[in-house]
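Down below is the structure, laid out as structure tokens.
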Amino acid sequence: MARPHIEWIQAQALPWQDDAIADRPGAAAKILSQDAASGAVSCLLRYPPGHARPAGTLAADEEIWVLEGGLEIDGQAYRQHSYAHLPAGMPRSGLSSEGGAVVLSFFSAAPEPGPEGFDERRLVRHLSATDNVWDGDFAAMGLESMAATARMRTLRQDPVSGEVTYLTCTMPFRQGARSERHPVVQEFFLLSGELAGDFGVMQAGAYCWRPPMIKHAPYGSWTGTVLLFRSQGGPQSTLWEDPDQPFTWTPVHKPVLPPGLAPLMAQPWPKPERF
């Protein structure tokens, strides 16, 4: 297993590292998870105001979700809550951020220069959550039981691998009853809300990298949630099982983390102040 099981870590607990992503000098990064063999990495990138990168071509797919601020890539503006999937080998005229930005970023290999040439079917130039489109198919992933209390938007379905990236938005006070397994890696980032599960209570900013067939759930949320999910290794499907323990709104705090990260999550993450 090239990446360790991370379930979960709050991005807020991770340090900002200057120039940790070689192709993004001048941008600070929080490394969420990384494949030591391939160089593939999931991270937050913080671009300072006035940041600019010249034209070039990456040897990795780059998938982005703008958390804050804005970017411009190839003349296309990406504001808060916008998404793109830019395939490896796609020529780019440049990247800039006039006012700064924080961007959830996924690189499929080491983010370094590479040759031109890409499959245009794999390009998702720009999507925005503010389009108010919820077109995802729960049944296609075996998640029919969620349809009454949640909505999904498919951001990307890879025409070659079948891998999928999607948003799920759940209603407040929703709770599940059964556990799940998936035959592919499932990666997610909690964009907003609070989520209680079998490993504790996650707050917005929680990140998970779950290897195939790891049993998890049921989940519930007082607040409702918005999550960005990615399947790695193929299309996502779902196997349902009875849980080892029934759902509770107050689960024991026991995140699964590699030794280097475990001390950062020794205690439950505090709820954000609301009043």
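The values are calculated or read from the model by the stated rules, or taken from the named source; none is laboratory data. Because the structure is a prediction, the values reported are computed rather than measured. Reconstructed Cβ throughout: ideal geometry from the backbone, glycine too, with neighbour counts over all protein chains shown. Please note that ligands, DNA and RNA were not included when accessible areas were found on the heavy atoms of the full protein model with its side chains. Shrake-Rupley method; radii C 1.70, N 1.55, O 1.52, S 1.80 Å.
Worth a mention:
- Note on the range 15-76: Kirkwood hydrodynamic radius from all Cα pairs is 12.8 Å, rounded to one decimal.
- Once the Kirkwood radius over Cα pairs is known for the range 104-165, the Stokes-Einstein relation at 20 °C and 1.002 mPa s delivers a diffusion coefficient of 150 µm²/s.
- Highest GNM mean-square fluctuation among VAL133, VAL226, VAL185, for the chain modelled with Cα contacts below 10 Å: VAL133.
- Dividing the Cα radius of gyration of the range 70-193 by its Kirkwood radius returns 0.99 for Rg/Rh.
- Count Lys and Arg as plus one, Asp and Glu as minus one, and take only other residues whose Cβ is under 14 Å from that of GLN17; the net charge is then +1.
- Largest mean-square fluctuation among VAL103, VAL160, VAL41, in a Gaussian network model of the chain whose springs join Cα atoms under 10 Å apart, belongs to VAL160.
- Electrostatic dipole magnitude of the range 1-129 [Cβ: Lys, Arg +1; Asp, Glu -1; Cα centre; debye, to 20]: 180
- Debye intensity ratio I(q)/I(0), log10, the range 1-50, q values 0.14, 0.19 Å⁻¹ (C-alpha model): -0.38, -0.66
- At 1.306 mPa s and 10 °C, Stokes diffusion of the range 123-233 via Kirkwood alpha-carbon radius, µm² per second: 110
- The range 66-117: proportion of alpha-carbon pairs further apart than 13 angstrom, %: 62
- P(r), alpha carbons of the chain - 10 Å bins starting at zero, rounded %: 6, 29, 37, 22, 5, 0
- Calculated accessible area for the chain comes out at 45 Å² per residue, all protein chains present (probe 1.4 Å; ligands, DNA, RNA ignored).
- Computed over the chain with a Gaussian network model linking Cα atoms closer than 10 Å, the most mobile of ARG174, ARG121, ARG46 is ARG121.
- Positive-end residue of TRP222, LEU95, SER145, charge dipole of the chain with Cβ unit charges: TRP222
- Normalised size of the range 1-160, defined as Cα radius of gyration per 2.2 N^0.38 Å with N residues, equals 1.08.
- A Cβ-based charge dipole, computed about the Cα centre of the range 120-261 with Lys and Arg at +1 and Asp and Glu at -1, lands at about 240 debye.
- Using the average count of surrounding beta-carbon atoms within 10 Å as a protection proxy, the listed peptides 201-210, 56-65 rank, highest first, as 201-210, 56-65.
- About its Cα centre, the chain has a charge dipole of approximately 500 debye under the convention of +1 per Lys or Arg Cβ and -1 per Asp or Glu Cβ, with nothing else charged.
- Of the solvent-accessible surface of the chain, computed with a 1.4 Å probe and all protein chains present, 55% belongs to carbon and sulfur.
- Taking a straight line from the alpha carbon of LYS215, these lysines sit under 18 Å away, with near neighbours fewer than eight places off in the same chain left out: LYS254.
- Most positive-pole-ward Cα, GLN245, LEU155, ALA110, against dipole of the chain from beta carbon charges: GLN245
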